[in-house]
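Remarks on the structure that follows.
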Amino acid sequence: MNRLEEIIKRERGLFDDREPTDGHFERFSFKLATRLHAGKAKRSIMPYLLKAAVVTLLVTLSSLWTFDHFVRPNLKKQMTLSEVSPEYREAERYYVRQVNLMENEFTSLDLANPEQKEMLMNEMAAMDSVYTELQKELRANPNDQRIIDAMISHYQTKIEVMSYLLGQLRQIKAETENPVSHEKVTI
């Protein structure tokens, strides 16, 4: 037995002869009721909502992780030439580098007419949308040589068009900067 229990049993007579003070039971009942009522107020729905929110968050994050790592790679809509073979990777790098250099030159040219620059950028975006469609076709048919040839031809055409436009823009810029030297002299 517990030592405290032994002491209480032995000294029971000392405990039984005293009565609580007047109003003790009323105060005790009031405190008990207050504590029970306060306990109900503290037991609001908030902890349950918080737990539900945490569980929902964990389920959502795990679902997104699963989707991103297992489902999404299979849903990738576009495919680049570098995914076909190492030879095409080198060709794609070359063409992308050339296109980026020309695009940088376009942005560095200070065109007098902002509408021309906007029209030029819209034309480049249209060419890029054609290439995006070719990438989607390549994803559907990765071994179709016609699509690969069309993608390479697209890069070549884009570079040719950009070279022509850059030449024209340089010529226009030169004429606007030095108009006297380009006028025709008539006798």
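The values are calculated or read from the model by the stated rules, or taken from the named source; none is laboratory data. These figures come from a predicted structure and were not determined experimentally. Because the Cβ atoms are built from the backbone with ideal geometry, glycine has one as well, and the counts that use them run over all protein chains shown.
Listed here are the residues, each with its yes/no results for (1) surrounded by 10 or more Cβ atoms within 10 Å (Cβ to Cβ); (2) at pLDDT 85 or above.
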position	(1), (2)
Glu19	no, no
Asp22	no, no
Glu26	no, yes
Ser29	yes, yes
Ala41	no, no
query = In the range 133-148, how many are farther than 21 Å from Asn100 by Cα and out of contact with any helix residue (DSSP H, G or I) (no Cβ under 7 Å at 6 or more places or on another chain)?
reply = 8
task = Taking Lys77 as the residue in question, decide whether it is farther than 30 Å from Val130 by Cβ, of a type outside the set (Ser, Thr, Tyr) and either modelled with pLDDT of 75 or more or exposed (fewer than 10 other Cβ atoms within 10 Å of the Cβ) (or both).
result = no
